[in-house]
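Step one of this worksheet: look at the structure below.
Derivation of every value follows stated rules applied to the coordinates shown; laboratory data play no part. Owing to the predicted nature of the structure, the values given are computational and were not obtained by experimental measurement. We place every Cβ from the backbone using ideal geometry, glycine too, and count neighbours over all the protein chains shown.
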2 protein chains.
Amino acid sequence: MDAYLKNIKEWTLVAQAVRRFRTSDRSVVVGPGDDAAVIIGSKGRYGLLTVDMLVESVHFRKREDLKKVGYKAVAVSVSDIAAMGGEPRFALVSVGLPRKDPARRAQALFAGLGQCARRYGVSIIGGDINRSNRLVIDVFMVGEVEKKNLVLRSGAKDGDTIFVSGPLGGSLKSGRHLRFIPRVAEARFLVKHFNVHAMMDLSDGLSMDLSRLCEASRLGAEIFEEDIPRSAGVKTTAEALGDGEDYELLFTLGPAQARRLSAGRFHFYPIGRMTAAFKGVRMRSRGGFLKKLPPPKFRHF
Amino acid sequence: MDAYLKNIKEWTLVAQAVRRFRTSDRSVVVGPGDDAAVIIGSKGRYGLLTVDMLVESVHFRKREDLKKVGYKAVAVSVSDIAAMGGEPRFALVSVGLPRKDPARRAQALFAGLGQCARRYGVSIIGGDINRSNRLVIDVFMVGEVEKKNLVLRSGAKDGDTIFVSGPLGGSLKSGRHLRFIPRVAEARFLVKHFNVHAMMDLSDGLSMDLSRLCEASRLGAEIFEEDIPRSAGVKTTAEALGDGEDYELLFTLGPAQARRLSAGRFHFYPIGRMTAAFKGVRMRSRGGFLKKLPPPKFRHF
């Protein structure tokens, strides 16, 4: 979903329009609404399908280094596959290229696409190239996950501890959104060694994304302001909650599993707990005051 | 690939950049360069993956009925799957929506997407919606085909008869490009009952697409001007050869199979034969004169 939107309500209608598609195809395990769609695969596995579009002047600056943009375009989809517990396999890339200097631009873009694809074991096996007045890159990714390791947004349970995989905020300002590390290794570690109840990646900010996880799991969440890890240079909780484009994992574990997690290879940050006592997200401030999080703000270029 | 291109050579470089991606993944049967990518599937089947982007003012007019545009966006990908001998199954849809009136536009667009998807048994299982200054729709489609029924562009043999599945030309002018029938039924009939050597769909015009089939099969083609079927209202052979957006099937059969074809359920048009005697496409005119086809012209809005 997108940014700078004056009329959030209109866009909510649009997003709902996608989810409205129902299917009677029994090969579809999960349709629209999670980080990736899930279909029946081969040999005890599910297929994972996701798509992410980047638009010039919306997701990256007009004069941005296109190698970085290419990297990001693949990394965003890799992050979606990781958030389902899976591993990325194949990508197809659609590009709308402005008329000016297409070969040079394409070369830089494809260098970045290829770099990220190689790093995460993704084969780019197809594409479509068109003219467009602004640069548009759309990456389709196919991943897979063992059936037992699939994690959805909807599985959180009352009393679960909520974790994030890294500090939040300032991704756009610092340029980290162009070079972030999709958390495949962390997600695979988690699904192999823990019973992860719910997971998603943080693309639109903790405030909005946690409220989505809550909605999918039909629960509320209480988070603790002092436990929310902030990226270097991030001065306010509001930025850590709302900036977006962090691409860290957000996940929940039952209390016993949560206690075991601290001994693992990676550092994860507990930030709160799921609750059946209310809906939505509330934050307990440093002063102990519990407040409902305000409607999330979109922020992009 | 796109139209209106002043510098075809630059764009050829761009297209080559996509094909340059090599993979060592043995699950990839066919990478970039055919109508769809082919991966190992389950139960004696291959998975087919294709993506097609439509851009406002390039592939459809700014004020076009968006229900029709949605129909076309799905139909183009269905046609790619059919051209591999397969059946479409799942789609994910990325949309870049202009800021003005997004809900109304999305509603019309999704009505068209849904209409075409239902007609061809496709489940729309995901999507990504963003803001964009011009409308962009990108459809990613997953299909499948029995291993024995897969047909590539590269399998044509010396002496094969070349067929098309319908009359050509005038698709943009007549508006047929917004309501064409992807030839799934015809393609499935062909692969089930005939040994189809090579097949593709006609998106950029017979002249360009046949030259691609020739290149993939490392052969030449001789076609007969008087045998090229023209759509109603198409007055010149040049239009039938170059207009594009016909989405008819182009395929080749060995001589014995070709003779048997006329007895089938559908009407197919023999237009020439494959040859090892030269490379490229030559056309024998009504006067008996054999001419090399000129470099193909792109034509879009």
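Take the residue pairs A:157/A:292; A:148/B:43; A:100/B:279; B:72/B:147; A:100/A:173 and return only those whose Cα atoms are more than 24 Å apart.
Beyond 24 Å: A:100/B:279; B:72/B:147; A:100/A:173.
What's the magnitude of the charge dipole for chain B around its Cα centre, counting Lys and Arg as +1 and Asp and Glu as -1 at the beta-carbon? Answer in Debye, nearest 20.
Approximately 260 debye in magnitude.
For the protein assembly as shown, what does -39500 (n - 2.57) per DSSP helix run (n ≥ 4), summed and divided by total residues, give at 222 nm, in deg cm²/dmol to the nearest 500?
-8500 deg cm²/dmol
Please give the contour-minus-distance gain from residue A:215 to residue A:118: 0.36 nm per residue of separation, less the Cα-Cα distance, rounded to one decimal in nm.
That pair, residue A:215 and residue A:118, stretches by 31.4 nm at full extension.
In which sequence would B:181, B:162 go, from the one with the fewest C-beta neighbours within 10 Å to the one with the most?
B:181, B:162
May I ask you to report, in nm to one decimal and beginning with the shortest, the distances from residue B:119 to the same position in the other copies, taking label points 7 Å along Cα-to-Cβ?
The answer, with the shortest distance listed first, is 4.3 nm.
How do A:89, B:61, B:265 rank when sorted from fewest to most other Cβ atoms within 10 Å of their own Cβ?
Result, fewest neighbours first: B:265, B:61, A:89.
Evaluate the charge dipole of the stretch A:151-292 about its Cα centre and quote only its size in Debye, nearest 20, assuming +1 on the Cβ of each Lys and Arg and -1 on the Cβ of each Asp and Glu.
It works out to roughly 240 debye.
Residue by residue through B:111-120, how many Cβ atoms from other chains fall within 10 Å of the Cβ on average?
Partner Cβ neighbours, averaged per residue: 1.
At 7 Å along Cα-to-Cβ for each site, give me the label-to-label distance between residue A:26 and residue B:269 in nm.
4.4 nm
Once Lys and Arg get +1 and Asp and Glu get -1 on their Cβ, which of A:74, A:133, A:28 lies farthest toward the positive end of the dipole of the stretch A:8-148?
Ranked along the dipole, the leading option is A:133.
Where the centroid of each part is defined by its Cα atoms, how far is the stretch B:242-270 from the stretch B:103-139 in Å?
32 Å
Along the charge dipole of the protein assembly as shown, which of B:258, B:178, B:247 sits closest to the positive end, that is, farthest toward it, with unit charges on the beta carbon of Lys, Arg, Asp and Glu (+1, +1, -1, -1)?
B:178
Sorted from fewest to most neighbouring beta carbons within 10 Å, what does the list A:139, B:78 look like?
B:78, A:139
Give a residue-ordered list of calculated ³J(HN,Hα) values for the stretch A:143-153 (Karplus: 6.51 cos²θ - 1.76 cosθ + 1.60, θ = phi - 60°; whole Hz; x for Gly, Pro).
Once rounded to whole Hz, the list reads x, 8, 8, 4, 3, 5, 9, 5, 10, 9, 6.
How big is the charge dipole of the protein assembly as shown about its Cα centre, in debye rounded to the nearest 20, if each Lys and Arg gets +1 on its Cβ and each Asp and Glu gets -1 on its Cβ?
400 debye
Roughly what would the spin-label model give for residue A:154 and residue B:148, points 7 Å off Cα along C-beta, in nm?
3.9 nm
Per-residue Cβ counts within 10 Å, from other chains only, averaged over A:132-144: what number is that?
Mean inter-chain Cβ contacts per residue within 10 Å come to 6.
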